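These notes concern the structure reproduced below.
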Amino acid sequence: MKDAAPQTIHLKDYTPFGYRIDSVELTFKLHPTATRVISKIAFAPNPAASDTRFFLHGEELELISAAIDGAPVIPRKVEGGIEADVPDAPFVWEAEVEISPETNTALEGLYMSNGMYSTQCEAEGFRKITFYPDRPDVMAVFTVRIEGDQPVLLSNGNPVERGDGVAVWHDPWPKPSYLFALVAGELINHPDSFTTKSGKEVELNIWVRPGDEDKCAFGMEALKKSMKWDEDTYGREYDLDIFNIVAVDDFNMGAMENKGLNIFNSSCVLASQATSTDANFERIEGIIAHEYFHNWTGNRITCRDWFQLCLKEGLTVYRDQMFSGDMRSHAVKRIEEVMILRARQFREDNGPLAHPVRPESFVEINNFYTATVYEKGAEIIGMLRRLIGDEAYRKGCDLYFDRHDGEAVTIEDWLASFEEVTGRDLAQFKQWYSQAGTPRLKMSETWEDGALTLNFTQTTPPTPGQKEKNPQVIPIAVGLIGPNGDEVVPTTVLEMTEAEQSFTFEGLGARPVASVLRDFSAPVILEREIDDATRAFLLAHDTDPFQTWEMGRMLAKDTLIAMIVRDAAPAPAYLDAIRAVVTDETQDPAFRALVFGLPSQDDLAQTLFDAGITPDPQKIYDARESLRHTVARHLSDALPTLFRPTEPGTFTPDAEGSGRRSLSLAALSYLALLDGGAAATSLFAQADNMTEQAGALQALLSAGLGTSELQAFEAQWKDDRLVMDKWFTMQVASAAPDKAAEVAEALSHHPAFTNKNPNRFRAVFGALSANHAGFHHASGAAYKLLADQLISLDSLNPQITARMSGAFETWKRYDADRQGMIRTELERILATPNLSRDTTEMVSRILS
Ligand code: ARG
Ligand code: ZN
């Protein structure tokens, strides 16, 4: 059954389901095109509900039979599912349906990937498996029997029976249907175990395709570290006898936290020195932690409805960020988080797709797994903790876990726990969940009689559906640095609640320099009058690493903007400042590498637009290239020392090794502009790890070299699908503006290209939309190519199509010609017959 007119669902319309479920028994008889799913569900009237309609979701299901209390029934087909008349007392619902995993290219529900069965049910995929109240507030205990000739048959919970061609699993913890999972296939496990703090031994497995078993060790270590960390940091212990992770090649997202059976995009779990970069290792560690942490924040306590998605996602992202900081470096991690937040979430908040962290309506919930829900959601948790302090934060979390274990709850429930432990009123703070848009925080200073006053004003620009904005509670972390470079006031959190507010520091001897928004204490845009000398001073003396990096970044941005707008020469203040940091051997190499990096073209485009200047992508590209050459020449003496390849045989994927390589490779990409690619060519040939092999290739490509290395790379890695994704991406990412569309188009005809694998599709077309000057080339070729691709992908995989249409979300920044071309493409997409609900919603929002 396909729905006709897409419906908008509203938060305010929430009502509880009329029935609760005492138990669910499912039997799967696996078959590629005719899997039978037999369900037996014990329902009972829900005394807390007033609506007694017995409605079960169901999509793309062929109903074979149904019965209530053993008597056959023929349910009524209604929009999105079925209805039946049921007794006003406990009853048993039984149904048998047939589904076709093999033809399921949407990768939602039960589907096949390389001959193995896998599921993805969040958010609303379970309704493609059987008729069910597919909503997170209906929690139930599941028993699952799988019949199939695959050697490995997995589901949630603990194994109760394993036999020939059959396995039975029982999950004692009540869970919503979106956490259901099933995997069947020819898989090999990498086994291990973990003893919990109360002494319970847990069996751990990472299941992979034969041939990938040498890529599991790192993920397994990350899992054990995560389990330990959640015990130490949040007092949360694992609660089943077994924890399984499975790697799947065809997967729409990064990974999924199904109870006891996490399913991962293989790119987010498989790791080896030869095939994974340092960035891959870091990401894998973070995602393993993220999914594991969901066991408490998401699974034991889940969301009442999908509007509360940030309840589990924002909190779990925050938890994985803290974990990664503890495993690596908090300073570097924080800067990386801010870069991602600005690149994705600020971008979203500034355009037609802006929405609150807790949206109030949606057509397709899959469209709301966004940077706003995830990353801004995590920033809110960070702000809350900053405002109430570490101890109260932990107490509030403990209370939340105690009080709501086994429940499906709301943001109100979460905040109430903190109100209770602190006695604070969080009503104003709660606006962070409901008000979209990035606050602009303006600051000026007054200095008088040894007192420094910081004057702030905050405004949030209008966003779709929200014209008027209220002042937010903004924690502003401030420190003061004396003229001699010593810190005279250590970090203090100012709590801004008004539209305009001033804070005074008294009793100061000489006028200090204020370091404001330390550690990026709130997701706002700080606008502050500050000259280059003060920036350079903070860059040299601030004790807050985020601020030092930020000052370098602002110098870089100003330089680039002046080059773009006024054809100015690169500012000596910037060149000297970066030389000082990058060559400072006392500082962390990972931090120096971050300072070395230039702001992205997309970031510059947004900055120009905010300043009332229409960005010209080609000019932005040219200025950035020109600055890269200037930096290379300016640092030509230092580059050979900064470029320090890893000694063969000494690679370790930890923060230390990765930091050294990122500085070395940053230097290499500049060096390649000076030495004709000599250093990169030799590193490419010698590297014993993917970080340096790919880094060398990237350096060559970005210097317009590397043709033969590209071929060698393909010959070496043609059988490794994850490495080949890098090969596809690098070419599109480094293509010159006038060649990007052509390169992407040619790669889409490569025999190894397929739009059925989301990783491969993103490798080419995600890279095309991220190649700013290439995507926005004046010819419009890339716009048209992406639209063509999205139109043909939509009928196969609506989720990925909708997500990738976000490439156009910034279209209003650009000139009339580009806007016209983009509008034409968006309208062409929208006019596609049978366009999915997902893509229809996204494209309409972008156009509006
Ligand atoms: N809950 C998963 C996570 O940990 C993401 C699932 C996304 N699914 C989707 N259909 N959008 O982040
Ligand atoms: Zn998550």
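What number of residues within region 435-475 satisfy the criterion of being surrounded by fewer than 18 Cβ atoms within 10 Å (Cβ to Cβ) and among the β-branched types (Val, Ile, Thr)? Looking only at that region, the number is 4. Here ALA715 fulfils each of the conditions (1) more than 30 Å from ALA247 (Cβ to Cβ); (2) surrounded by fewer than 24 Cβ atoms within 10 Å (Cβ to Cβ) apart from (1). Taking region 276-287 as the search range and keeping residues that are of a type outside the set (S, T, N, Q) and in contact with a Ser or Thr (Cβ under 6 Å, 6 or more places away or on another chain), which one is farthest from ligand 1 (Cβ to nearest atom)? Of everything passing the filter in region 276-287, ASP278 is farthest from ligand 1 (Cβ to nearest atom). Is at least one residue of region 654-662 within 18 Å of ALA733 (Cα to Cα) and surrounded by 21 or more Cβ atoms within 10 Å (Cβ to Cβ)? No, region 654-662 contains no residue that is within 18 Å of ALA733 (Cα to Cα) and surrounded by 21 or more Cβ atoms within 10 Å (Cβ to Cβ).
A quick yes/no check of all residues on (1) of a type in the set (Val, Ile, Thr); (2) farther than 19 Å from GLY125 by Cβ:
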residue: GLY81; (1), (2): no, no
residue: GLU96; (1), (2): no, yes
residue: SER100; (1), (2): no, no
residue: THR103; (1), (2): yes, no
residue: ALA106; (1), (2): no, no
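Might you check whether a residue that is within 16 Å of ligand 2 (Cβ to nearest atom), in contact with a Leu (Cβ under 6 Å, 6 or more places away or on another chain) and either among the hydrophobic types (A, V, I, L, M, F, W, C) or under 25 Å from ASN689 (Cβ atoms) (or both) occurs anywhere in region 224-239? No, the conditions are met nowhere in region 224-239. Note on region 364-408: among residues that are in contact with a Lys or Arg (Cβ under 6 Å, 6 or more places away or on another chain) and either of a type in the set (Asp, Glu) or over 16 Å from ILE301 (Cα atoms) (or both), the one that is farthest from ligand 1 (Cβ to nearest atom) is TYR393. Quick check on SER626: is it hydroxyl-bearing (Ser, Thr, Tyr) and more than 30 Å from ASP326 (Cβ to Cβ)? So SER626 fits the description; yes. Of the residues making up region 475-498, those that are in a strand (DSSP E or B) and either free of Cβ contacts under 8 Å to residues at least 60 places away in the same chain or hydroxyl-bearing (Ser, Thr, Tyr) (or both) are ILE476, VAL478, LEU480, GLU487, VAL488, VAL489, PRO490, THR491, THR492, LEU494, MET496. Consider ASN252 carefully, then state whether it is in contact (Cβ under 8 Å) with a residue 60 or more places away in the chain, buried (at least 24 other Cβ atoms within 10 Å of the Cβ) and within 13 Å of ligand 1 (Cβ to nearest atom). It is false that ASN252 is in contact (Cβ under 8 Å) with a residue 60 or more places away in the chain, buried (at least 24 other Cβ atoms within 10 Å of the Cβ) and within 13 Å of ligand 1 (Cβ to nearest atom).
The residues of region 96-130 that are more than 16 Å from ligand 1 (Cβ to nearest atom) and of a type outside the set (Asp, Glu), listed by number, are VAL97, ILE99, SER100, PRO101, THR103, MET112, ASN114, GLY115, MET116, TYR117, THR130. State yes or no: is LYS200 more than 16 Å from ligand 1 (Cβ to nearest atom) and under 25 Å from GLY298 (Cα atoms)? In short, yes. Per the conditions (1) within 15 Å of ligand 1 (Cβ to nearest atom); (2) surrounded by fewer than 20 Cβ atoms within 10 Å (Cβ to Cβ); (3) farther than 22 Å from PHE808 by Cβ, the sole criterion not satisfied by VAL317 is (2).
Each residue in region 304-354 was checked for being within 16 Å of ligand 2 (Cβ to nearest atom), under 30 Å from HIS10 (Cβ atoms) and of a type in the set (S, T, N, Q), and 3 pass. Between LYS739, LYS756, the distinction of being farther than 24 Å from LEU796 by Cα and of a type in the set (D, E, K, R) belongs to LYS739 only. Taken over region 261-275, residues that are within 15 Å of ligand 1 (Cβ to nearest atom) and over 18 Å from the mean Cα position of the chain (by Cα) amount to 1. The listed residues are SER848, SER792, and the only one of them that is surrounded by fewer than 24 Cβ atoms within 10 Å (Cβ to Cβ) and either over 21 Å from ALA354 (Cβ atoms) or under 22 Å from the mean Cα position of the chain (by Cα) (or both) turns out to be SER792. Taken over region 809-821, the criterion of being within 26 Å of the chain's Cα centre (by Cα) and part of a helix (DSSP H, G or I) is satisfied by TRP811, LYS812, ARG813.
Checking ALA95 against (1) under 30 Å from TRP296 (Cβ atoms); (2) of a type outside the set (S, T, N, Q); (3) crowded, with 20+ Cβ neighbours inside 10 Å: exactly one of these is not met. Which one? Every condition holds for ALA95 apart from (1).
For region 636-727, which helices (runs of 4 or more DSSP H) that fit wholly inside it have 3 or more residues that are modelled with pLDDT of 95 or more, among the hydrophobic types (A, V, I, L, M, F, W, C) and closer than 30 Å to PHE753 by Cβ? Answer list for region 636-727: 678-686, 690-702, 707-717. Whether any residue in region 15-33 is modelled with pLDDT of 95 or more and at positive phi is what I want to check. No. No other residue among ASP88, ASP51, ASP13 is without any contact (Cβ under 8 Å) to a residue 24 or more places away in the chain and of a type in the set (D, E, K, R) apart from ASP13.
Considering region 368-402, the residues that are more than 16 Å from ligand 2 (Cβ to nearest atom) and in contact with an Asp or Glu (Cβ under 8 Å, 6 or more places away or on another chain) include one that is nearest to VAL478 (Cα to Cα), namely LEU387.
Tallying residues that are away from ligand 1 (no atom under 16 Å from the Cβ) and part of a loop (DSSP other than H, G, I, E, B) within region 131-158 yields 10. Tally the residues that are on the phi > 0 side of the Ramachandran plot and touching a residue at least 12 places away in the same chain (Cβ under 8 Å), restricting the search to region 386-414. Here the count works out to 1. Screening the candidates ALA802, ALA752, ALA778 for the property of being modelled with pLDDT of 95 or more, not in a loop (DSSP other than H, G, I, E, B) and not hydroxyl-bearing (Ser, Thr, Tyr) yields one hit, ALA802.
Taking the listed residues THR302, THR297, the one that is free of Cβ contacts under 8 Å to residues at least 40 places away in the same chain, within 13 Å of ligand 1 (Cβ to nearest atom) and surrounded by 23 or more Cβ atoms within 10 Å (Cβ to Cβ) is THR297, with no other qualifying. Scanning region 253-299 for residues that are within 14 Å of ligand 2 (Cβ to nearest atom), more than 18 Å from GLY314 (Cα to Cα) and among the hydrophobic types (A, V, I, L, M, F, W, C) turns up ILE263, PHE264, CYS268. In a residue-by-residue description of region 108-121, the property of being within 16 Å of ligand 2 (Cβ to nearest atom) and buried (at least 20 other Cβ atoms within 10 Å of the Cβ) applies to at least one position. The listed residues are LEU204, LEU179, LEU154, and the only one of them that is buried (at least 18 other Cβ atoms within 10 Å of the Cβ) and out of contact with any Ser or Thr (no Cβ under 9 Å at 6 or more places or on another chain) turns out to be LEU154.
The values are calculated or read from the model by the stated rules, or taken from the named source; none is laboratory data. It should be emphasised that the depicted structure is a prediction, and the values quoted were computed from it without experimental measurement. No Cβ is skipped: glycine too gets one built from the backbone with ideal geometry, and neighbour counts run over all protein chains shown.
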